[in-house]
Amino acid sequence: MMGMEILSTGDKILHIMKEMEMSIPGLAALSGVHENTLLDIMAGIREPDMNALCKIADALDVCVRDLCPDKEHYAVPVEKDTLAKLIVVSEVNGVELDTLIASILEKGIEENGFYD
């Protein structure tokens with residue numbers, strides 16, 4: 001399982017497009033999903049809604065499940081000011097927010113002796 005990269009929906013669409021030698025305008029024309037929307041999805045700026053996902057899957061001739069991201073996201077309640085501080089710290093240090101939170105969790109778990 002080591003070295004397995006976690007692919008987003010955008011990554012998966014890109015891989016399939018490469019295999020099929022399909023362009024973004026080509027996918028837009030086949031799927032009826034706007035090019036700008038496709039670009040946002042591929043860049044990871046947004047996840048497609050179910051409607052767009054179905055259209056893209058149809059155009060690529062794959063199952064919708066094949067395009068779902070590998071990592072599931074769970075909503076965790078965080079105070080607004082805490083989140084704001086984390087975002088500022090991540091910006092100042094040039095670290096992705098996900099990476100920062102993961103390292104904080106890891107450090108906190110170690111320091112509090114939650115590891116066996």
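The values are calculated or read from the model by the stated rules, or taken from the named source; none is laboratory data. As the structure is a computational prediction, the values presented were derived from the model and not from experiment. Note that each Cβ is placed from the backbone with ideal geometry, even for glycine, and that neighbours are counted across all protein chains shown. Each accessible area value is taken on the protein alone, full model and side chains, heavy atoms only, with ligands, DNA and RNA left out. Shrake-Rupley method; radii C 1.70, N 1.55, O 1.52, S 1.80 Å.
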Rounded to a whole number, what % of the accessible area of the chain do carbon and sulfur atoms account for, probe 1.4 Å? 56
I'd like to check one number: the per residue accessible area of the chain, probe 1.4 Å, reported in Å² as a whole number. 77
If one takes the longest principal axis of the Cα atoms in the chain, at what angle in degrees, from 0 to 90 and to the nearest 10, does the Cα axis of helix 80-93 lie? 80
Can you give the translational diffusion coefficient of the chain in µm²/s, computed by Stokes-Einstein from the Kirkwood radius over Cα pairs at 37 °C and 0.692 mPa s? 196
Degrees separating the helix 97-111 axis from the principal Cα axis of the chain, which is the longest one: 30
Give a residue-ordered list of calculated ³J(HN,Hα) values for the stretch 59-64 (Karplus: 6.51 cos²θ - 1.76 cosθ + 1.60, θ = phi - 60°; whole Hz; x for Gly, Pro). 4, 8, 6, 10, 6, 3
Relative contact order for the chain using alpha-carbon pairs under 8 Å, separation at least 6, rounded to a whole percent? 26
Packing-based order for 26-32, 42-48, using average beta carbon neighbours within 10 Å, highest first: 26-32, 42-48
Could you state the angle between the C-alpha long axis of helix 9-20 and the longest principal axis of the C-alpha atoms of the chain, as a value from 0 to 90 degrees rounded to the nearest 10? 40
